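For reference, the structure is listed below as structure tokens.
The values are calculated or read from the model by the stated rules, or taken from the named source; none is laboratory data. These figures come from a predicted structure and were not determined experimentally. Cβ placement follows ideal geometry from the backbone for every residue including glycine, while neighbour counts extend to all protein chains displayed.
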Amino acid sequence: MAIPPPRPYSTQQNIQYLDVTETRTLVIFKTAILNLESNEGTLTTLSGAEITVYELPRHTNTDDPENEAISVIEKFIDQITSAEMTTASRHE
């Protein structure tokens, strides 16, 4: 059976994503590239995930890329949770 290639998706929140597997997706958020991987289960039943910034937004000038990456993740989570009317918490 042939598996169709992944398709990019868009939302009204300036977020684009491309599913890589049932548990992993690449996200473009405000020109940053994020990797979102489910900790448990599939993306459609997501209850926890690990988010990694692969690339900071274009034209980012910072002496502290780690804090900038944290800021990008927090803004992404804020936008997703407000659009989906849900909550999120951060675990390290």
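Close contacts from region 28-42, counting a first residue that is farther than 24 Å from residue 58 by Cβ and a second that is among the charged types (D, E, K, R), with Cβ to Cβ under 9 Å and a gap of 6+ residues or different chains, come to 38/22; 38/24; 38/50; 39/50; 41/22; 42/22. Among the residues of region 70-92, is any more than 14 Å from the chain's Cα centre (by Cα), at pLDDT 90 or above and surrounded by 12 or more Cβ atoms within 10 Å (Cβ to Cβ)? No, region 70-92 has no match at all.
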